[in-house]
Amino acid sequence: MRIIKYTEFIKEEFTDTPESYIEVALKQIKKKIDKMFEFQEAIDTEPSDEEEGDKEIRKAKLDSKKKSEMSFKDLGVRLESSEISKYSKLHDSLTIKFSDDEATYSLLISIDLKDALPKDPNGDYSYEDIEKCYMKLKKYNLDTFEVIGQITKNVEIKKIDEDFLISLKIDMDDKFGDDEEFEIETND
């Protein structure tokens with residue numbers, strides 16, 4: 001065991017590990033995605049006056065969005081679960097499961113350990129300096145739970161928002177949808 005003098009102890013740098021930066025970044029992404037599904041609240045209990053006021057404020061915020069913007073509520077998408085996994089040595093991940101009336105989806109957001117290493121060892125570093133992540137969206141059949149399709153992308157973390165996820169879901173539905181368009185041919 002090495003004994004450290006007090007002056008050496010004061011000069012010693014204490015920095016967080018890359019794993020802790022990844023964990024905080026994934027928690028921030030999880031919080032952002034969970035907020036997208038705030039409309040999905042249980043209405044089973046009778047709200048108190050204070051809770052009712054809070055709900056009115058949240059409803060007003062939701063209603064204040066532009067009518068041209070599409071939301072998960074408009075698409076009928078429900079959040080099933082969102083969980084962070086830190087069991088991999090190189091890739092910590094966030095798994096979001098959501099569904100609509102036609103299919104269920106699994107979105108995996110993974111951050112590589114090498115992306116969480118500081119570029120400048122002498123500079124300040126935080127979870128906000130992690131720039132990119134890997135996303136994999138899978139679409140499953142509701143009846144058989146077979147994979148219908150899959151899209152993978154490398155994405156900048158700051159670009160992950162509701163519009164981006166909705167466009168990703170719509171791309172998935174367009175590429176792997178089983179809806180055939182009904183056309184009538186006429187001889188005019």
Selection from the stretch 93-131 of residues that are touching a Ser or Thr at 6+ places or on another chain (Cβ under 9 Å) and within 23 Å of Val147 (Cα to Cα): Ser93, Leu94, Thr95, Ile96, Lys97, Phe98, Tyr105, Ser106, Leu107, Leu108, Ile109, Ser110
Residue match in the stretch 90-97 (condition: in a strand (DSSP E or B) and modelled with pLDDT under 85): yes
Qualifying residues in the stretch 98-123 (those that are of a type in the set (D, E, K, R) and part of a loop (DSSP other than H, G, I, E, B)) - the one farthest from Lys32 (Cα to Cα): Asp120
Residues of the stretch 71-111 that turn out to be crowded, with 18+ Cβ neighbours inside 10 Å and charged (D, E, K, R), as a count: 1
Residue in the stretch 27-46 that is within 26 Å of Glu131 (Cβ to Cβ), part of a loop (DSSP other than H, G, I, E, B) and modelled with pLDDT of 70 or more present: yes
Answer residue from the stretch 99-131, given it is under 18 Å from the mean Cα position of the chain (by Cα) and among the polar types (S, T, N, Q) and is farthest from Asp173 (Cα to Cα) among those: Ser110
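The values are calculated or read from the model by the stated rules, or taken from the named source; none is laboratory data. Keep in mind that what you see is a predicted model, and the values were worked out from it rather than measured. All Cβ positions, even for glycine, are placed from backbone atoms using ideal geometry, and neighbour counts span all protein chains on display.
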